[in-house]
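Structure, as structure tokens:
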């Protein structure tokens with residue numbers, strides 16, 4: 001494989017930063033010029049890289065369809081088409097716009113393709129049954145509005161074909177910054193992105209559209225990383241923050257006291273899972289303040305957990321002695337829950353707020369610097385008083401807004417979970433669709449409560465906790481994603497925290 005072509009889902013190759021699409025566009029030519037490269041050379045490198053990937057990933061392919069739009073993506077696609085013709089591929093090329101309207105480097109790439117004997121085809125003249133691979137060079141990272149009808153027609157058509165699709169830079173129609181489709185988007189089998197990873201390839205609905213993501217640095221990636229700073233980091237195997245090691249003489253008090261507050265009458269399982277996750281991730285002592293009717297259930301589910309039986313003096317003392325507090329799993333919204341919510345918020349101890357705790361928080365508008373909020377998109381919408389669609393339209397803006405409005409750190413859950421303190425943002429790369437089941441969020445709160453006691457900063461604890469949460473699910477899905485339970489992750493979490 002080309003040394004500049006790195007498959008992004010191989011952890012050792014994942015860059016530690018992702019970038020706004022405009023940052024890449026605004027700087028790539030300047031950096032190339034410093035290195036003595038012309039813009040046309042960059043386009044040639046992009047076409048070369050994409051064609052090399054096509055041959056390596058689809059070695060039996062003989063007939064390809066290259067789809068072009070009006071921008072530089074069209075030029076990349078036309079260079080690939082020219083190289084494929086020279087390698088004796090049967091090449092169909094269809095342009096959504098009149099090729100005569102291409103400009104700049106894309107126009108030069110078009111001229112080179114035609115001079116070699118290449119020609120454009122109407123879609124109706126293409127024998128789609130012969131196509132082995134489709135190359136998507138329709139729309140690039142500059143897309144801002146909804147996909148226009150002439151592009152939509154082609155995108156929806158190729159999505160229905162059986163041939164795998166290789167997208168250039170970004171699947172056409174996918175917003176390169178948010179990971180959301182702009183009306184419609186290409187469902188790619190693989191995406192080769194150029195120079196640097198873009199935000200939208202790693203979060204939102206990107207996983208449904210990008211397939212396997214590859215990075216082609218085009219020879220300028222190292223210089224780009226030196227000169228272009230971005231506030232979005234990528235959490236992967238090779239850059240997970242280390243946890244503090246236990247001293248050989250340590251005792252249970254040294255490993256931290258976690259207090260979990262929640263567990264109403266019909267949702268006791270949530271706080272049980274959170275408590276067990278804290279224990280499995282290294283908390284020394286875990287106490288639970290829950291509805292008195294179901295205390296026996298908790299003891300039966302995990303006898304290592306302690307119970308708060310007095311909601312006056314004992315709970316007050318527990319709130320004072322706890323090193324980390326979890327508020328919300330299975331808490332409910334009734335009067336009992338609201339009283340417990342208010343009492344818990346009166347402490348100034350570090351806190352993780354999840355589930356029903358976030359719903360009550362949205363109604364009370366408290367703010368503090370030492371808590372971690374863990375909303376899913378619907379809870380995030382409540383916190384910001386906007387719609388879920390608005391949250392999903394720009395997850396980066398949403399996660400930063402919550403952190404700025406409420407203080408502390410926000411973890412916006414979902415595929416490509418985001419972590420932000422209002423300034424920096426981190427994207428998680430672990431996890432899979434098997435995590436779409438009840439109790440997974442409760443597990444995360446328990447993980448965070450334990451890891452914040454073993455980490456240098458809360459932000460590092462969040463990055464480590466979110467990654468371990470997803471990594472445990474990745475290891476648990478060897479038997480398949482469907483039917484995965486939150487409790488399946490508990491023994492794996494213990495393994496992960498002991499590897500660091």
Open item on the list: Considering just Cα atoms, how many Å³ per residue does the convex hull of the range 252-497 enclose?
Closed with: 114
Task: Relative contact order computed over the range 50-202 (Cα-Cα under 8 Å; 6+ residues apart), in percent - done: 22
Open item on the list: Whole angstrom only: what separates the Cα centroid of the range 394-455 from the Cα centroid of the range 459-500?
Closed with: 15
Task: Förster radius 60 Å - calculated FRET efficiency between residue 348 and residue 30, Cβ distance, rounded to 0.05 - done: 0.80
- [ ] Quick one: grab the alpha carbon gyration tensor of the range 223-344, order the square roots of its eigenvalues as a ≥ b ≥ c, and give me rounded if a/c is under 1.5, else prolate or oblate depending on whether a/b is larger than b/c.
- [x] prolate
Open item on the list: Can you tell me the length gained on complete extension of the stretch residue 22 to residue 436, counting 0.36 nm per residue apart and subtracting the Cα distance?
Closed with: 145.8 nm
Open item on the list: Give me 460, 156 sorted ascending by neighbouring Cβ count inside 10 Å, so fewest comes first.
Closed with: 156, 460
Task: Segments 59-69, 383-393 sorted - mean Cβ within 10 Å per residue, highest first - done: 59-69, 383-393
Task: Residues of the range 255-284 with amide N under 16 Å of a point placed 7 Å along Cα→Cβ from residue 307 - done: 260-273, 275-276
- [ ] Quote the FRET efficiency, to the nearest 0.05, computed for residue 148 versus residue 103 with a Förster distance R0 of 25 Å and r equal to the Cβ-Cβ distance.
- [x] 0.85
- [ ] Rank-order 421-429, 145-153 by packing density, defined as the average count of other C-beta atoms within 10 Å over each peptide's residues, highest first.
- [x] 421-429, 145-153
- [ ] Give the relative contact order (percent, whole number) for the chain; include only Cα pairs under 8 Å separated by 6+ residues.
- [x] 13
Task: Where a label projected 7 Å from the Cα of residue 300 along Cα→Cβ would reach, residues of the range 255-281 with amide N under 13 Å - done: 269
Task: Cα point-scatterer Debye curve for the range 115-267, base-10 log of I(q)/I(0) at q = 0.13, 0.15, 0.17, 0.18 Å⁻¹ - done: -0.75, -0.88, -1.02, -1.09
Task: Percent of C-alpha pairs per 10 Å bin, the chain, short to long - done: 4, 19, 26, 21, 14, 10, 5, 1, 0
Open item on the list: What's the ranking of 361-370, 131-140 by average number of surrounding C-beta atoms within 10 Å, highest first?
Closed with: 131-140, 361-370
Open item on the list: Given axes a ≥ b ≥ c from the Cα gyration tensor, I'd like to know whether the range 40-186 is rounded (a/c under 1.5), prolate (a/b larger than b/c) or oblate.
Closed with: rounded
Task: Crossing angle, helix 395-406 versus the chain [Cα axis fit, 0-90 degrees, rounded to tens] - done: 30
TODO: Return the whole-Å distance between the Cα centroid of the range 102-156 and the Cα centroid of the range 321-366.
DONE: 54
Task: Separation of the residue 122 and residue 226 label points, Cα + 7 Å toward Cβ, nm - done: 5.3
- [ ] Note down the nm distance, to one decimal, between modelled labels 7 Å out along Cα→Cβ at residue 338 and at residue 389.
- [x] 3.2
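Each reported figure results from applying straightforward, stated rules to the coordinates on display, with no laboratory input. Every value quoted in this text rests on a predicted model; they were computed, and no experiment measured them. Don't worry about glycine lacking a Cβ; one is built from the backbone with ideal geometry, like all the others, and counts go over all protein chains shown.
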